[in-house]
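Asks: Okay, handing you the structure first.
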Amino acid sequence: MLLQVENVSVAYGAVEALKAVSLSVSGGEIVAVLGANGAGKTTLLKAISGLVPLKSGAIVYDGKKLHELPPHLIARMGVVHIPEGRRVFATLTVEENLNLGGYGCPKEEVKRAKEWVFQLFPVLKERRRQLAGTLSGGEQQMLAIGRGLMRSPRLMLLDEPSLGLAPLLVDQVFATIVEINKKGVPILIVEQNARKALNIADQAHVLEVGRIVLSGPAREIAADERVRQAYLGGATYERRLRAKESRAP
Ligand code: ATP
């Protein structure tokens, strides 16, 4: 197993954001964690990349205890965290943002990684001299992912890549995530867009107020009645259907 999150609890003062959360990611997998606003998804990724301390539990990656290491050493081990909200450097060009992603890596590696990013996202190549702040939301998301790819990731943590994107762009970003995974990069993705995440994931977990309430193969989770009702628009669909029926003569 590449990554094991074991009984992890995290608290912000009195707020318990994660309560005894356990999950794992093996090589080659896409694992999705679904949950509503405030469920603890961002906190889970921050705990893995060392940005918040654990109250209890352990995070083991490649046999090493990540929770005892500072964020920069975790990043150096190939754990790449793409935060929510497309945080790119607005006043730098696309290429400068990518170069920063590869900062400290051997020149040849940076060149190879940049070629890969430009191949995955041709629009970034076209706009490489453009300031990142002038890109569309979707392009900024692509740049945020591209910057993460500059460091030969061995595990990618993705925080809500669909957030605020138009449906067509969401499809594009998810197709690229699959492509990155096919190149051998395991991915842990946290998403509110359950349908999209379940479509690409191998395993999935449902997080509710800091606790994992359901885990299994993504196909099974997608078929689960509770998930359909709560996350896949089942309830809305039923409501619409009932409203329609009540209007019928
Ligand atoms: P969202 O989709 O809104 O990003 P999330 O599932 O990622 O939500 P988290 O951001 O991990 O959830 O938050 C989990 C809980 O912890 C929430 O109740 C949130 O208010 C609380 N929380 C998050 N960050 C902090 C903080 N720095 N200080 C105090 N409470 C926090």
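Asks: Of G102, G38, G146, which is the most mobile in a GNM of the chain whose springs link Cα atoms less than 10 angstrom apart?
Replies: Highest fluctuation among the options: G38.
Asks: For q values of 0.13, 0.15, 0.18 Å⁻¹, compute log₁₀ I(q)/I(0) with the Debye formula on a Cα-only model of the chain, without solvent.
Replies: Taken in order of the listed q values, log10 I(q)/I(0) reads -0.82, -1.05, -1.41.
Asks: Segment 182-208 to segment 78-120: how many Å between their Cα centroids?
Replies: One Cα centre to the other: 23 Å.
Asks: Continuing with this model, one more query. Quick one: if the Förster radius is 45 Å, what FRET efficiency do Q229 and Q130 give, using the C-beta to C-beta distance and rounding to 0.05?
Replies: 0.55
Asks: Kindly provide the trypsin sites (Lys or Arg not before Pro) of segment 63-94 that DSSP labels as loop, not H, G, I, E or B, and whose Cβ sees at most 14 other Cβ atoms within 10 Å.
Replies: Here the trypsin sites (Lys or Arg not before Pro) that fit, given the DSSP loop and packing criteria, are R87.
Asks: Related question: Taking a ≥ b ≥ c as the square roots of the eigenvalues of the Cα gyration tensor of segment 13-65, is the shape rounded (a/c under 1.5), prolate (a/b larger than b/c) or oblate?
Replies: Because a/c hits 1.5 or more and a/b fails to exceed b/c, segment 13-65 counts as oblate.
Asks: Excluding the sites themselves, what is the longest stretch of the chain that contains no chymotrypsin sites (Phe, Trp or Tyr not before Pro) in a DSSP loop with at most 15 other C-beta atoms within 10 Å?
Replies: Values: sites that count: F89, Y103.
Free of exposed loop sites, the longest segment is 104-249.
Asks: Restricting attention to segment 1-57, which trypsin sites (Lys or Arg not before Pro) occupy a DSSP loop and are surrounded by at most 16 other Cβ atoms within 10 Å?
Replies: Details: sites: K19, K41, K46, K55; in loops: K55.
Here the sparse-neighbourhood loop sites are K55.
A short reminder: the numbers here are calculations on the coordinates, not readings from a lab. The structure presented is a predicted model; accordingly, all values stated were derived computationally and were not measured. All Cβ positions, glycine included, derive from the backbone under ideal geometry; neighbour counts span all protein chains shown.
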